Amino acid sequence: MSNLMTGAKMLLECLSREGVEVMFGYPGGVTLPFYDALYDNPLRHVLVRHEENAAFAASGYAKATGKIGVCCATSGPGATNLVTGLVDAMMDSAPIVALTGQVTSSLIGSDAFQEADTFGITRSATKHNYMVRNLAELPQIIHEAFYLAGSGRPGPVLVDIPKDVFMARGQYEPVTEIHLPGYKVFTEGHSGQIRRAAQMFWEAERPLVYAGGGILLGKAHKELREFVEITDSPAVCTLMGLGGLPGSHPNFISMPGMHGSYAANMAMYNNDLLIALGVRFDDRVTGRLAAFAPHARVIHVDIDPAEIGKNRHADIPIVGDLKRVLQKLNRVLTELKPEAEAKKSDARKTWWRQIRDWKEEHPFDSPRSESEIKPQHLMAEIDRISGGKAIVTSDVGQHQMWAAQYIRFDEPGQWINSGGLGSMGYGLPSAIGAQFGRPDKLVFAIAGDGGFQMSLPELATIVSQGLPIKIIVMNNGYLGMVRQWQELFYNNRLSSVTLDTFPQVELLAAAYGFKGRTVENPSELTEALETAVAEPGPYLLNIKVTPFENVYPMVPAGGAINEMVLGPPQPVAVGD
Ligand SMILES: Cc1ncc(C[n+]2csc(CCOP(=O)(O)OP(=O)(O)O)c2C)c(N)n1
């Protein structure tokens with residue numbers, strides 16, 4: 001009977017077979033048997049300082065590497081603390097597996113100490129969730145969880161494991177097959193539809209590629225680039241799709257949407273064919289749906305059939321894996337190109353000229369001041385230092401939008417933010433996951449002074465794990481994005497948005513044993529950022545920026561995408 005193993009060890013065996021090298025978690029009573037088994041197991045467990053951050057770190061790891069992130073929490077409060085991270089992963093289709101401990105099976109339903117209905121609570125927060133009822137089903141469930149998290153449209157999968165299952169002993173039977181009758185993943189895409197899409201493409205005069213997070217999740221960036229180069233199409237990448245096409249690629253316009261560029265939004269409004277790739281026509285992108293891209297026919301490719309036609313009718317719907325579909329589409333486009341290309345070439349040249357004019361008319365300008373650091377200046381400096389190569393994680397708010405506008409990303413997995421849920425507190429823990437996944441990369445974690453204070457306990461994790469993350473707090477003294485809306489839409493009645501207390505970062509960082517510095521003078525900014533980057537360990541920069549700067553362009557909520565406010569109201573000249 002020597003080859004019997006505990007559930008805890010069996011779980012570790014499954015994780016090892018799934019190739020898991022690192023997980024993020026926080027222990028507790030019911031997970032004690034699991035943590036005991038971890039004690040002498042090679043799997044690296046990173047002790048975060050709050051379970052929400054375990055999920056965010058797993059998501060950062062997943063986004064930076066394209067692998068599945070793993071997090072773990074105990075029952076009751078541990079599991080409920082994970083929930084925001086699960087919803088976040090759900091909204092951004094981040095592949096994570098969450099493991100939670102549950103009270104002993106015989107106590108379930110008795111209001112036992114630290115009992116919560118994790119299965120019920122996380123049902124709508126996950127792509128799928130499981131409650132393990134006995135040890136025999138544990139391996140099958142764990143491997144299914146990984147399969148579900150990473151396949152099709154990725155997402156979070158939770159496995160709730162009662163303490164007695166961790167402790168029970170049984171024979172480990174390797175799982176050789178995943179058989180999920182109700183779960184179908186359509187990968188190939190319909191050949192007829194793909195051919196029709198290619199024909200429709202060559203008939204268009206003003207085509208535009210609208211690429212989203214699906215390009216990154218589907219690892220289809222090479223194919224996207226080929227598409228754009230075969231067809232010489234202009235392309236926009238959404239907040240979640242940045243890096244899908246290199247930020248420095250000549251066909252890349254920039255990000256569209258509420259804070260997208262003038263050129264990207266005008267192109268979204270005026271095109272006659274939208275090639276929508278791994279996008280969901282999110283309201284932050286489309287603005288008022290009824291007025292969105294009114295002249296466009298739509299080719300929509302997505303692996304999730306539920307996305308197609310959800311917000312916008314697709315003239316050519318293609319359900320499939322973006323990589324596979326684009327490979328086929330590129331072949332047909334190339335085949336048709338010799339005959340088709342010339343037909344609309346004048347119109348396409350005019351379209352390109354128009355887009356270049358829009359770009360020149362209203363670029364993201366990069367205001368500088370002698371006396372104050374402008375947020376745009378900060379982001380432009382980070383962009384210069386990164387040169388399109390660094391990983392940048394961001395929190396939520398104005399700094400997130402400026403970072404997306406000003407920092408270039410040349411590859412997938414470099415821009416990591418909470419796009420769908422918009423969870424403050426995401427920036428720092430996701431940087432932890434990203435740096436674990438990509439130890440070779442320079443990682444900037446950018447946060448506002450609000451969001452930073454939501455995730456501040458993770459400074460301890462950063463130090464104890466020796467992560468050389470460069471933490472940049474864009475400190476405007478306010479919950480900046482909410483202040484902006486109060487200014488613009490609520491008569492500047494600034495209600496509960498002032499952050500008048502902020503720790504001295506020199507002391508704060510020193511208290512954790514690393515370096516921090518406050519920078520207020522624009523003339524010091526470059527040197528301060530370069531010093532932080534040169535430091536072998538972590539560095540905390542508190543950059544005090546102009547407090548009342550607003551993010552522009554802005555499509556006001558409910559506005560049409562071409563109705564952008566381009567800047568603050570100009571003072572009216574008073575005549576006589
Ligand atoms: C958990 C959470 N609570 C509240 C919000 C609403 N919210 C969106 S942006 C924002 C302000 C963020 O302020 P800060 O972190 O200082 O960043 P800034 O906008 O100033 O760059 C708030 C409160 C949110 N997105 N997430």
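Below is a table of values for the structure above.
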| read-out | value |
| --- | --- |
| DSSP beta bridges in region 191-361 [antiparallel fraction, %, rounded to 5] | 0 percent |
| Label-to-label distance, nm, for residues given as Arg384 and Ser105 (7 Å Cα→Cβ offset) | 6.4 nm |
| Compactness of region 323-451, expressed as Rg and Dmax over alpha-carbon positions, Å | 19.6, 59 |
| For the chain: accessible area per residue (Å², 1.4 Å) | 40 Å² |
| Solvent-accessible area of His399 with every protein chain in place, 1.4 Å probe, in Å² to the nearest 10 | 10 Å² |
| Residue-level accessible surface for Val396, protein heavy atoms, 1.4 Å, Å² | 40 Å² |
| Rel. contact order, % - alpha carbon contacts under 8 angstrom, at least six apart, the chain | 14 percent |
| Loop GluC sites (Glu not before Pro), region 158-222, which have at most 13 other Cβ atoms in a 10 Å radius of their Cβ (DSSP) | Glu177, Glu188 |
| Label-point separation in nm, Glu173 to Arg288, each point 7 Å along Cα→Cβ | 6.1 nm |
| Anisotropy class of the chain from Cα gyration tensor, a/c 1.5 cut | oblate |
| Span from the region 234-279 Cα centroid across to the region 437-505 one, whole angstrom | 27 Å |
| Cβ-Cβ FRET estimate between Glu137 and Ala557, R0 fixed at 51 Å, reported to 0.05 | 0.60 |
| Long-range amide H partners of Val70 with built H, under 5 Å | Phe24, Val97 |
| Spherically averaged projected area in nm², based on the convex hull that wraps the Cα atoms of region 307-364 | 6.5 nm² |
| Rounded percent of accessible protein surface that carbon and sulfur make up, the chain, 1.4 Å probe | 52 percent |
| Loop chymotrypsin sites (Phe, Trp or Tyr not before Pro), region 63-134 (other Cβ atoms within 10 Å of the site Cβ: 14 or fewer; DSSP) | Phe113 |
| Beta bridges per DSSP with both ends in the chain, % antiparallel, nearest 5 | 10 percent |
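The values are calculated or read from the model by the stated rules, or taken from the named source; none is laboratory data. This is a predicted model, so every value here is computed, not measured. Because the Cβ atoms are built from the backbone with ideal geometry, glycine has one as well, and the counts that use them run over all protein chains shown. Note: areas computed on protein heavy atoms with side chains; ligands, DNA, RNA excluded. Shrake-Rupley method; radii C 1.70, N 1.55, O 1.52, S 1.80 Å.
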